[in-house]
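The values are calculated or read from the model by the stated rules, or taken from the named source; none is laboratory data. Small disclaimer: the values here were computed from a predicted structure and weren't measured. All Cβ positions, even for glycine, are placed from backbone atoms using ideal geometry, and neighbour counts span all protein chains on display. The accessibility values were calculated without ligands, DNA or RNA, using every heavy atom of the protein model including side chains. Shrake-Rupley method; radii C 1.70, N 1.55, O 1.52, S 1.80 Å.
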Amino acid sequence: MQTVQDGQCGLCAHFGEHHPTTQQQVQIRRSHEAPETMLDDCGHPRHAPLHLKVTPLSGCDGFEPAR
């Protein structure tokens, strides 16, 4: 497991935004820990057309905290 910090994709509202929230996403947001091999879609409007796959440790200037 890797520690996810504020500002990283695992804690962003756009991480996996284009599918229903999974239990794994909820667990990452609660524990701030994520599996090393996890990838999910970036749903940020500026990045969505690129169909980016990001890790929970990735980040960008478009970070919006998940609720």
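See the values below:
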| read-out | value |
| --- | --- |
| Probe 1.4 Å, all protein chains present, accessible-area order of ASP61, ASP40, largest first | ASP61, ASP40 |
| Kirkwood Rh and Cα Rg combined as Rg over Rh, evaluated for the chain | 0.91 |
| Average Cα contact separation per residue, the chain, under 8 Å, 6 or more apart, as relative contact order % | 49 |
| About the Cα centre, charge dipole magnitude for the chain (Lys/Arg +1, Asp/Glu -1 at Cβ), debye | 120 |
